[in-house]
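Contents: one structure, followed by commentary.
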Amino acid sequence: MINIAVLGYGTVGSGVVEVIEKNKEMVNKKAAQELDIKYILDLRDFPNDPYGHKVIHDFNQILKDDTVTIVCETMGGTGAAYEFTKQALERGKSVCTSNKELVAKHGPELLSIAKAHSCNYLFEASVGGGIPIIRPLNYSLTAEKIEAITGILNGTTNYILSKMEREGADFEEVLKRAQEKGYAERNPEADVEGYDACRKIAILSSLMLGKNVDSEKIYTEGISKISAADFAYAKAAGKTIKLLARSKTVSEDEVLAMVAPFMIDKEHPLSMVNGVFNAVFVTGNMLGDSMYYGKGAGKLPTASAVVSDVIDCARHPGRVIMCFWEQENIRLADVSLEERSFFIRARAGFQKEIEEAFPGGRLLCLEGREQDFGYFTPVMQENDFTGKYEALADRVLGRIRLL
Ligand code: HSE
């Protein structure tokens with residue numbers, strides 16, 4: 001029998017207990033032994049919960065119990081979660097987590113502690129919720145040089161953008177409704193400003209190159225400036241708008257990573273990823289493109305990924321599971337040196353100025369829209385674009401990168 005402790009009895013923690021109990025027979029078979037939830041650590045009591053009697057408040061009880069060999073960290077944050085994870089690993093207890101913030105910030109350090117103590121730090125649930133993406137990168141794609149990863153890695157923003165597109169509604173209005181329905185947090189900043197997607201692409205980029213990508217240095221832009229008008233122009237051009245987290249290998253020591261809204265062609269597979277779904281598009285030098293799609297958030301999908309890691313640990317006691325992620329920081333390429341085309345929405349009456357600033361582009365006027373017009377610039381360096389765009393001051397209403 002393997003004794004497990006769950007840290008944090010919130011949405012994902014209670015999901016972990018539910019998955020292990022609901023799929024008990026199959027989970028035990030795959031783990032090759034019985035998995036038992038011995039402790040649940042939380043600040044609160046759960047007197048009416050069927051597992052309420054397992055709830056404890058002192059982490060030391062778990063730490064000192066040598067029969068607990070696997071810990072599920074579903075607390076979130078980088079404070080107590082970091083301390084508890086470190087201490088558990090130092091005691092040789094494997095830790096399985098959904099905590100993307102902690103993995104992005106301390107992943108390589110925690111992996112090296114795990115290695116030194118012949119146990120594992122696994123984090124399949126930290127990116128893409130229930131979608132298998134960490135394991136494919138660590139196992140299935142090891143013969144590949146990964147050239148690029150492009151993902152829709154945040155369910156909240158994808159839900160908001162999908163609704164804006166479908167209903168022709170503005171950002172603030174859809175956000176408010178998403179909050180009322182529980183699809184967006186009351187403080188939505190981490191999602192809508194792209195920070196959550198940034199942590200996730202930092203994790204994927206680090207695995208892509210085997211070295212550390214510092215999430216704090218990744219260029220990150222959210223979706224709060226996208227409007228219903230932008231979607232009207234995108235639709236007319238056969239495109240849609242998605243918050244993409246992108247990472248491109250520049251060399252063995254350099255990666256170009258960013259999070260920003262992009263206009264993408266309706267034919268691109270990522271344009272079909274709607275609502276709270278996530279997808280990760282991986283380009284390898286031998287395989288070419290592959291895409292991983294599914295539920296990127298939510299109690300049971302995320303818990304399912306945590307439990308898959310628990311099973312992996314149970315099957316490999318005392319063995320370090322393959323994961324290439326060194327502590328050495330990798331260089332981040334300057335996003336402003338990339339070349340691409342841009343969509344501009346500008347105030348009516350300034351067509352001549354826009355065409356003079358960006359000659360050779362494509363004008364897009366929509367019937368019934370007297371107040372503005374759209375313009376697609378030719379491919380140009382972002383630096384060059386930004387200088388010219390900013391000089392246009394209040395003649396322009398917004399800009400979106402094209403993929
Ligand atoms: N807030 C996240 C999202 C949860 O919307 O995708 C899953 O990491």
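Using a 7 Å offset from the Cα along the Cα-to-Cβ direction at both D45 and E25, what is the distance between the two label points in nm, to one decimal?
3.7
Given 0.36 nm per residue, what is the gain on full extension from T142 to E390 after removing their alpha carbon distance, in nm?
Going from the current span to full extension adds 84.9 nm.
Pick out, in residue order, every one of the trypsin sites (Lys or Arg not before Pro) in segment 91-179 that is DSSP loop and has at most 14 other C-beta atoms within 10 Å; say none if there are none.
Counting only loop positions with at most 14 other Cβ atoms within 10 Å, the trypsin sites (Lys or Arg not before Pro) in segment 91-179 are K145.
Tell me, what ³J(HN,Hα) does each residue in segment 34-44 have, in order and in whole Hz, if you take phi through Karplus 6.51 cos²θ - 1.76 cosθ + 1.60 with θ = phi - 60° and put x for Gly and Pro?
With the stated coefficients, segment 34-44 comes to 7, 9, 10, 7, 8, 9, 10, 9, 7, 6, 8 Hz.
Please give the Cα centre distance for segment 331-403 versus segment 124-171, rounded to the nearest Å.
27
Expected output is a single nm value to one decimal: the length gained when fully extending between L366 and E109, i.e. 0.36 nm times separation in residues minus the C-alpha distance. What is it?
Length gained between L366 and E109: 87.2 nm.
Pairs of alpha-carbon atoms within less than 8 angstrom and 6+ residues apart define the contacts here; what relative contact order does the chain have, in percent?
Computed value for the chain: 18 percent relative contact order.
Step through the residues of segment 295-308 one at a time and calculate ³J(HN,Hα) from phi using the Karplus curve (6.51 cos²θ - 1.76 cosθ + 1.60, θ = phi - 60°), rounding each to whole Hz and writing x for Gly and Pro.
Computed from phi, the couplings for segment 295-308 are 7, x, 7, x, 3, 6, x, 5, 5, 4, 5, 4, 5, 4 Hz.
Using a 1.4 Å probe on the protein heavy atoms, what percent of the accessible area of the chain belongs to carbon and sulfur?
49
Specify the inter-centroid distance of segment 242-312 and segment 204-237, based on alpha-carbon positions, in whole Å.
About 12 Å separates the Cα centre of segment 242-312 from the one of segment 204-237.
Can you pull out the GluC sites (Glu not before Pro) in segment 248-284 whose DSSP state is coil and whose Cβ has at most 13 other Cβ atoms within 10 Å?
Filter output for segment 248-284: E252, E267.
On the principal axes of its Cα set, how long, how wide and how thick is segment 1-136? Give whole Å, largest value first.
38, 31, 26
Under a plain spin-label model, where a point goes 7 Å from the Cα along Cα-to-Cβ, how far apart in nm are V379 and E267?
1.6
In percent, how large is the relative contact order of segment 347-403, given Cα pairs closer than 8 Å and 6 or more residues apart?
35
Which chymotrypsin sites (Phe, Trp or Tyr not before Pro) from segment 297-380 combine a DSSP loop assignment with at most 16 other Cβ atoms within 10 Å?
Listed in order of number, the matching sites are F324.
Near E167, within a Cβ-to-Cβ distance under 12 Å, what is the net charge of the other residues, with Lys and Arg +1 and Asp and Glu -1?
0
Return a whole-number percent for the relative contact order of segment 149-204, with Cα pairs under 8 Å and 6 or more residues apart as the contact set.
41 percent.
So with the 1.4 Å probe, I'd like the accessible area per residue for segment 69-216, rounded to whole Å².
Per-residue value: 37 Å².
The values are calculated or read from the model by the stated rules, or taken from the named source; none is laboratory data. Everything quoted here is computed from the prediction, not taken from an experiment. Note that each Cβ is placed from the backbone with ideal geometry, even for glycine, and that neighbours are counted across all protein chains shown. Each accessible area value is taken on the protein alone, full model and side chains, heavy atoms only, with ligands, DNA and RNA left out. Shrake-Rupley method; radii C 1.70, N 1.55, O 1.52, S 1.80 Å.
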